[in-house]
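Just below is one structure, and these are the notes that go with it.
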Amino acid sequence: MERGEIAIVIVQFALLAAVVLLLSSFTPGQSAQSNPVISSVYWGTPAQGIALHSGQVTKASLNASVVTADFSVAFSTQVSAVSGSRLCVGPNSTAGESTIYTTIPFITAPGSLVLSPTVQQPGWVCTYTIKVTDGLSQTTTWLGSVELKP
């Protein structure tokens, strides 16, 4: 190749690299480095339940048979693992129980997960922990509590 041809190939390569970088900034969704997001958690179903907030105790007057969580992972990866557990403590910390959920069904392919059973005793406070891990081993943890009024 002649010098002029080599220069043209180098310029074309540089332009192609610039176009790829520019277009990658316009790709919709999260980047591959985004941690999974647990966007909402409900005591019950999203349609009829009470919204729970991370790091807070929510008082409920009725039991629920499920806790439902909506989540997402970066567009370029997939769900690798989910886990859920709860720790319940009775009034004055006189009694308690722990549950590790071993079967966690997904609703609408990954996007929502359901923890069950969640029925608790009146006056008890149960703290729920939900973890979502993506294919890049990035993990997000959600932690919130429900106090069932006596």
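Label reach from residue 37 (point 7 Å along Cα→C-beta): in the range 104-145, amide nitrogens under 18 Å belong to 110-113, 131-136, 138-143.
Going by neighbour counts of Cβ atoms within 10 Å, the residues 3, 86 line up, fewest first, as 3, 86.
Other residues whose C-beta falls under 14 angstrom from the C-beta of residue 41 contribute a net charge of +1, scoring Lys and Arg +1 and Asp and Glu -1.
Taking the fewest neighbouring Cβ atoms within 10 Å as the starting point, the ordered list for 5, 147 is 5, 147. When only alpha carbons are used to place a centre, the range 112-130 and the range 62-95 end up 7 Å from one another.
The value given for the range 45-150 is a Kirkwood hydrodynamic radius of 14.5 Å, derived from the mean inverse Cα-Cα separation.
Just so you know, all these numbers are worked out from the coordinates, no wet-lab data involved. The shown structure was predicted, so the numbers you read here are calculated from the model rather than taken from an experiment. Virtual Cβ from ideal backbone geometry, glycine too; neighbours counted across all protein chains shown.
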